[in-house]
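Below is one structure, written out as structure tokens; comments come after it.
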Amino acid sequence: ERDAAASRRMLALALVLEGQSRTTAARAAGMERQTLRFNACVERVHRYNAEGLAGLRDRVGETGPKRRLSPEQEKQLAEW
């Protein structure tokens with residue numbers, strides 16, 4: 001896996017599925033235990049169940065603030 005964040009999620013998930021505690025799995029995957037708490041990763045669990053390992057990858061454009069300019073305005077700005 002080229003996506004480092006997805007690799008860490010896959011490792012943590014595999015360890016939890018093998019019976020490791022979330023604390024141990026998080027530590028082994030190089031992340032905080034809070035990252036693996038149930039409420040924080042429900043969406044990723046649903047994505048994993050629906051899409052398999054691909055559901056653990058980051059989605060481009062799903063995070064961050066909404067764009068304030070319309071596509072037409074962005075095109076005009078690029079022309080300027």
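What the table shows:
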| quantity | calculated |
| --- | --- |
| Selected residue (criterion: most open to solvent (accessible area, probe 1.4 Å)) from residues of segment 14-34 that are of a type outside the set (Lys, Arg) and at pLDDT below 80 | Glu32 |
| Identity of the residue in segment 35-66, in a helix (DSSP H, G or I) and open to solvent by 100 Å² or more (accessible area, probe 1.4 Å), that ends up modelled with the lowest pLDDT | Asn39 |
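The values are calculated or read from the model by the stated rules, or taken from the named source; none is laboratory data. Fair warning: this is a prediction, and the values are worked out from it, not measured in the lab. Accessible surface is based on the protein model in full, side chains and every heavy atom, while ligands, DNA and RNA are left aside. Shrake-Rupley method; radii C 1.70, N 1.55, O 1.52, S 1.80 Å.
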